[in-house]
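Just so it is clear, none of the values below were taken in a lab; they were calculated from the coordinates. Given the structure is predicted, the values throughout are model-derived calculations rather than measurements. FYI the Cβ positions are ideal-geometry reconstructions off the backbone, even for glycines, and counts take in every protein chain you see.
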């Protein structure tokens with residue numbers, strides 16, 4: 001016997017309650033069991049496939065194809081060195097995202113049951129002829145019907161988080177000393193955060209980096225990247241860091257006298 005779809009079960013449930021009304025809790029419970037059965041099958045179908053493809057494509061773009069070097073001026077061998085850590089982050093992000101999707105689906109099933117039960121118990125014994133069945137069915141199914149859209153948004157958002165984490169892994173391994181916050185606020189149609197727009201182009205130093213340890217660099221009135229939230233981690237944030245590796249790329253206020261003296265000596269030798 002073919003497995004019934006969610007639409008078929010809800011259609012039968014609505015028709016039955018329309019005919020009989022709320023004449024017993026057993027009738028309601030029977031349909032709740034039927035909806036739960038098909039909803040749980042719906043929950044298991046293709047779960048995580050789209051997520052794995054989406055995050056896998058992002059990983060391929062950034063790591064396998066070297067797209068991450070757009071934000072990092074590093075040699076190819078450095079990227080090869082961090083690939084295992086980046087791959088581990090991909091696996092971790094897939095697992096976390098799958099758990100999030102599972103929670104979303106469980107919540108959607110509960111909302112579907114609540115909507116059906118709330119509607120069914122409002123119909124008087126003997127049923128009713130005054131009923132827009134299509135509207136009722138759409139309202140009951142809406143939480144589960146919206147899941148595909150929600151899961152696509154989860155995958156997109158997790159892709160941004162994966163990119164941010166991979167960039168951070170590369171920056172740590174390659175010895176970045178600071179980072180410039182970049183926002184897409186100029187992009188048409190992008191729903192940017194105002195506070196992220198306000199810090200677009202702002203420089204943040206990386207706490208405890210080698211240049212600070214050697215006395216060649218100082219905060220110079222700038223904040224640490226530890227003082228703010230990471231780009232790409234707030235929901236649907238597409239901001240990113242452009243990392244700085246060379247002390248010469250820092251603004252004057254972040255350079256120490258020790259660095260200036262050292263730079264003069266180097267210039268004198270090369271002259």
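For the chain, modelled as a GNM with alpha-carbon contacts under 10 angstrom, which of 250, 51, 131 fluctuates the most?
The residue with the greatest mean-square fluctuation here is 131.
Would you mind ranking 20, 72 so that the residue whose beta carbon has the fewest other beta carbons within 10 Å leads the list?
Details: 20 15, 72 21.
Neighbour counts put them in this order, fewest first: 20, 72.
If one takes the longest principal axis of the Cα atoms in the chain, at what angle in degrees, from 0 to 90 and to the nearest 10, does the Cα axis of helix 133-145 lie?
Helix 133-145 sits at roughly 30 degrees to that axis.
Name the residue, out of 56, 126, 189, whose mean-square fluctuation peaks in a Gaussian network model built on the chain with Cα pairs under 10 Å.
189
Taking a ≥ b ≥ c as the square roots of the eigenvalues of the Cα gyration tensor of the stretch 46-199, is the shape rounded (a/c under 1.5), prolate (a/b larger than b/c) or oblate? Each step should come with its number before you reach the end.
Working: a/c = 3.96, a/b = 2.48, b/c = 1.60.
Here the stretch 46-199 falls in the prolate category.
Can you give the angle from 0 to 90° between the axis of helix 25-44 and the longest principal axis of the chain, with both taken from C-alpha atoms, to the nearest 10?
40 degrees
Among (1) 29, 21, 18; (2) 58, 19, 13; (3) 31, 26, 18, only one was calculated for this model; which label is it, if the read-out is semi-axes √(5λ) of the Cα gyration tensor in Å?
(2)
Which percentage, to the nearest 5, of the DSSP beta bridges contained in the stretch 176-271 is antiparallel? If you can, show how the numbers build up before the last one.
Working: 9 of 10 bridges.
Counting only bridges with both partners in the stretch 176-271, antiparallel ones make up about 90 percent.
Report, in degrees rounded to the nearest 10, the 0 to 90 angle that the Cα long axis of helix 147-174 makes with the longest principal axis of the chain.
Orientation of helix 147-174: about 20 degrees from the principal axis.
Compare the peptides 215-223, 163-171 by average per-residue count of other Cβ atoms within 10 angstrom and give them in order, highest first.
Working: 215-223: 15.6, 163-171: 22.1.
Ranking the peptides 215-223, 163-171 by packing returns 163-171, 215-223.
Restricting to DSSP H runs of at least four residues, report the calculated mean residue ellipticity at 222 nm for the chain, -39500 (n - 2.57) per run over all residues, nearest 500 deg cm²/dmol. Kindly include the intermediate steps, with their values, before the conclusion.
Details: 9 runs with 155 residues, N = 271.
Estimated from H runs of four or more residues: -19000 deg cm²/dmol.
Using a 10 angstrom cutoff on alpha carbons, build the Gaussian network for the chain and name the most mobile of 241, 259, 50.
Most flexible of the set in this elastic network: 259.
So for 105, 182, fewest C-beta neighbours within 10 Å to most, what's the order? Walk me through the numbers before you get to the answer.
Numbers: 105 21, 182 18.
By the 10 Å Cβ count, ascending, the order reads 182, 105.
Could you tell me the center-to-center distance, by alpha carbons, between the stretch 34-109 and the stretch 191-205 in angstrom?
Their Cα centres are 26 Å away from one another.
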